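All of the numbers you see were taken from the coordinates with simple rules; none came from a lab. If you're wondering where the values come from, they're calculated on a predicted model, not measured in any experiment. So basically every Cβ, Gly included, is an ideal-geometry build from the backbone, and we count neighbours across all protein chains shown.
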Amino acid sequence: MRVGSYLGIPLKINPFFFLLLSGAVALGRLPQVIILFSVVVWHETAHVLMAKVYGLEIIEVELLPFGGVARLEALLQMNPTIEWIIAVVGPLSNLLLIGIAFGINVYYPIPSQWFTFFVQANAGMALFNLLPALPLDGGRILRSILVRKRGFKEATGTAVTVGQVIAVFLVLLGGVGVYLGQLNALVFVVMGFFVFFAAANERKAAAYVFMRYLTRKKQEIRLKRVLPVKELMATAESSIGEVFRQFQPPSYHLVWVIDLDGRILGFVDELALINALFDHGMDCKVGAVVRYTI
């Protein structure tokens, strides 16, 4: 449900968040929920500001019962280093808040109940988001590591599988706790279900990431009809990542591929490299994807 804008970005609140809010009011825990809400907004603001540093398009920010999601342009995954940095600043921002709280508490003592809750809320937010499960920050960090060797599709699939295994563990852990009479453990059950289905959605979205990038480039070709062409030279041992770093939009790129003795082996066009990037990752050798030989 869209409720307005945030730093010029569409802001959505998940319906389950309102359910959590209603339950908090009924239990007399509204102040705690407001603190949690503030912690989530701070966390997502860190992601948004870092994305703006890299000039990325931010589609929307959605607040969820156990955190939030800043949805960035799908092409972020093409640069695993940037995805890693944007993901990790969220948990780091919560650790920064903990440090600030301790600093303030030294000079201006905060009531122990609220100080403890604030620290626990930030620590819990950081630790939960560092779980290696998509769409959590830890899952994005895991994918950014795997994508260099395995390609986007396989890296996403692995991160989703790891996330769903963790989700099942959370559900079982919560179920045991509830069975033993610890009703607070029900939170782990809910978190587990949320992570499991959110990870499944990431698997479905993976195919659209590639199609979106490919479609954008094809639309650019159709709309402009004529694009400047930039030719590059790369050895067969060069990685796709090294070639992509030399791309200069809006040009369409043709890459001549040579062996180590300088003999021309053929050439490969930009769309073929995009396909190879998503299938095989940034470290794939250009020589493995030469499409046209001389």
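In debye, nearest 20: dipole of the chain around its Cα centre with unit charges on the Cβ of K, R (+) and D, E (-)?
The dipole of the chain has a size of about 560 debye.
How high is the relative contact order of the chain, given as a whole-number percent (alpha carbon pairs under 8 Å, six or more residues apart)?
Relative contact order for the chain comes out at 13 percent.
Along the charge dipole of the chain, pointing to its positive end and built from +1/-1 on Cβ of Lys, Arg, Asp and Glu, which listed residue (Tyr54, Ala200, Gly262) has its Cα farthest out?
So the residue we want is Ala200.
Over the Cα atoms of the stretch 228-293, Rg to Rh with Kirkwood Rh, two decimal places?
Radius of gyration over Kirkwood radius for the stretch 228-293 works out to 0.93.
Rounded to a whole number of µm²/s, how large is the Stokes-Einstein D of the chain at 4 °C and 1.567 mPa s, given Rh as the Kirkwood radius over C-alpha pairs?
D, rounded to a whole number, is 60 µm²/s.
For helix 186-224, report the angle its Cα long axis makes with the longest principal axis of the Cα atoms of the chain; keep it between 0 and 90° and round to the nearest 10°.
30
Of Phe152, Phe18, Phe197, which has the largest mean-square fluctuation in a 10 Å C-alpha GNM of the chain?
Most flexible of the set in this elastic network: Phe18.
Whole-Hz Karplus ³J(HN,Hα) for the stretch 43-59, in order, using 6.51 cos²θ - 1.76 cosθ + 1.60 and θ = phi - 60°, x for Gly and Pro?
Each residue of the stretch 43-59 in turn: 4, 5, 4, 4, 4, 4, 5, 5, 4, 5, 4, 8, x, 8, 6, 10, 6 Hz.
Based on DSSP, what percent of beta bridges with both residues in the chain are antiparallel, to the nearest 5?
Taking every DSSP beta bridge with both residues in the chain, the antiparallel ones total about 65 percent.
Suppose we keep just the DSSP beta bridges with both residues in the stretch 228-293; what percent of those would be antiparallel, to 5?
If I count the DSSP bridges inside the stretch 228-293, around 55 percent turn out antiparallel.
Could you sort the peptides 171-179, 44-52 by per-residue average Cβ neighbour count (10 Å cutoff), highest mean leading?
Packing proxy ranking, top to bottom: 44-52, 171-179.
In the Gaussian network model of the chain, springs joining C-alpha atoms below 10 Å, which of Val61, Val187, Val257 carries the largest mean-square fluctuation?
Looking only at Val61, Val187, Val257, the biggest GNM fluctuation is shown by Val187.
If you put +1 on each Lys and Arg Cβ and -1 on each Asp and Glu Cβ, how big is the dipole of the stretch 228-293 around its Cα centre, in Debye rounded to 20?
120
Can you tell me the 0 to 90 degree angle between the C-alpha axis of helix 15-26 and the longest principal axis of the chain, rounded to 10?
For helix 15-26, the angle is close to 10 degrees.
Over 32 Å between Cα atoms, which of Lys12/Lys149; Lys149/Lys224; Lys12/Lys230; Lys52/Lys153 qualify?
Too far apart for the 32 Å limit: Lys12/Lys149; Lys149/Lys224; Lys12/Lys230.
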